[in-house]
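A short write-up of the structure that comes next.
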Amino acid sequence: MDPQPVVMDCDPGHDDFLAILLAQHFTDLRGITTVAGNASIDDTTRNACIAAEMCGFRGPVVRGSSGPLVGEPRFADDIHGTSGLAGPTLPPVTRSADPGDGSSFLLDVCRTDTWVVATGPLTNVALAIRRDPGFASRIAGISIMGGSTSFGNKSPAAEFNIWSDPEAASIVFTSGADIRMLGLNVTHTVLVDGRFVKCVNGLESRSAKFVAELLQEFLNAHNRVYKQGNVAPLHDPCAVLAVSHPGLFEFVPSHVDIELAGTFTRGMTVVDQRGMRNAAATNAKVAMRADGPHCMELLFETVSTL
């Protein structure tokens with residue numbers, strides 16, 4: 001079977017960086033758009049260019065939105081550092097972003113066979129839908145790392161990507177697109193630990209050593225912030241693998257609403273799991289389980305080819 005055409009919409013970020021490597025290895029990667037989220041738009045765009053260089057992706061990298069639809073951008077420097085890729089010394093960037101803007105690129109490039117893999121705030125995707133509501137039904141679908149059926153990480157109820165731009169998320173989830181949602185309830189079962197970092201560090205290439213340093217700092221940051229033991233969830237690779245290897249996940253058709261006004265719950269993905277006959281129509285396939293070990297095997301395979 002031919003690899004699935006994909007456009008990555010991302011905010012690298014340690015785990016977005018790994019998601020780009022996976023997309024280049026397992027999909028037909030048609031382009032990368034960036035958005036502010038884990039770090040500023042300048043930093044996420046530079047980081048996407050570094051990832052593209054490392055994995056040999058020569059297609060377009062296009063700068064997207066510098067902030068959410070409402071309010072100011074807020075970054076995740078407690079996990080990713082001010083650069084977005086804390087840990088290793090970042091290499092010189094020998095390529096720059098291509099002309100254009102993220103939402104225009106999505107509208108111009110995505111076709112009926114193309115999946116948008118969105119691993120950051122959904123601002124670029126929402127802007128594309130605002131400009132052309134038919135966009136949502138004209139593409140294969142949108143695989144989203146975001147939300148949760150249970151706990152949050154930026155707040156007790158909200159996951160960071162949705163929390164960063166809930167208005168954009170609401171536009172996307174009500175657009176009619178074929179959505180696969182990979183939330184914290186699943187990504188917290190796809191875990192990197194010290195043993196995995198040691199295995200990656202044992203690979204010969206300079207790029208693998210760089211990835212090992214990224215992963216080690218990601219582990220260190222999670223240990224500083226969360227009480228989870230010496231492990232860290234690899235959120236964003238799940239959204240790529242949900243397109244390239246969907247059999248690794250169990251999805252349940254569900255209705256998802258985005259909380260926009262709650263004092264304690266703004267940015268929450270409210271997933272209706274009641275099983276009621278008169279429930280609102282489903283608007284997403286929500287991942288409930290993942291084969292975490294197999295996901296990590298595919299990541300190791302990817303890094304081994306660098």
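The values are calculated or read from the model by the stated rules, or taken from the named source; none is laboratory data. Predicted model only: the values in this text are computed from it and were never measured. All Cβ positions, even for glycine, are placed from backbone atoms using ideal geometry, and neighbour counts span all protein chains on display.
Please go through the range 64-80 and give me each residue that is of a type outside the set (S, T, N, Q), in contact (Cβ under 8 Å) with a residue 60 or more places away in the chain and either farther than 17 Å from HIS222 by Cβ or surrounded by 19 or more Cβ atoms within 10 Å (Cβ to Cβ) (or both), ordered by number.
GLY64, PRO68, LEU69, VAL70, PRO73, ARG74, ALA76, ILE79, HIS80
Which residue pairs have Cβ atoms under 8 Å apart, sit 6 or more places apart or on different chains, and have a first residue in the range 221-242 that is touching a residue at least 24 places away in the same chain (Cβ under 8 Å) and over 24 Å from VAL117 (Cα atoms) and a second that is assigned to a loop (DSSP other than H, G, I, E, B) and of a type in the set (A, V, I, L, M, F, W, C)?
Cβ pairs passing all conditions: ALA221/ALA86.
Can you tell me which residue among ILE79, ILE139 is of a type in the set (Val, Ile, Thr) and farther than 30 Å from LYS209 by Cβ?
That would be ILE139, the only listed residue that is of a type in the set (Val, Ile, Thr) and farther than 30 Å from LYS209 by Cβ.
Among the candidates ASP2, ASP16, which residue alone is farther than 20 Å from ASP108 by Cα and part of a helix (DSSP H, G or I)?
ASP16
Filter the range 256-281 for residues that are touching a residue at least 24 places away in the same chain (Cβ under 8 Å), of a type outside the set (Gly, Ala, Ser) and over 22 Å from VAL240 (Cα atoms) and give the result.
ASP257, ILE258, GLU259, LEU260, PHE264, THR265, ARG266, MET268, GLN273
Can you tell which of VAL93, VAL117, VAL125, VAL172 is touching a residue at least 40 places away in the same chain (Cβ under 8 Å) and over 29 Å from TYR226 (Cβ atoms)?
VAL93
Residues checked against (1) of a type outside the set (A, V, I, L, M, F, W, C); (2) over 12 Å from VAL7 (Cα atoms):
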| position | (1), (2) |
| --- | --- |
| VAL62 | no, no |
| PRO73 | yes, yes |
| ALA76 | no, yes |
| SER83 | yes, yes |
| ALA86 | no, yes |
| VAL93 | no, yes |
| SER96 | yes, yes |
| LEU106 | no, no |
| ASP113 | yes, no |
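Scanning for something within 25 Å of VAL225 (Cβ to Cβ), modelled with pLDDT of 95 or more and either in a helix (DSSP H, G or I) or in contact with a Phe, Trp or Tyr (Cβ under 8 Å, 6 or more places away or on another chain) (or both), does the range 56-76 turn up at least one residue?
Checked the range 56-76: at least one residue is within 25 Å of VAL225 (Cβ to Cβ), modelled with pLDDT of 95 or more and either in a helix (DSSP H, G or I) or in contact with a Phe, Trp or Tyr (Cβ under 8 Å, 6 or more places away or on another chain) (or both).
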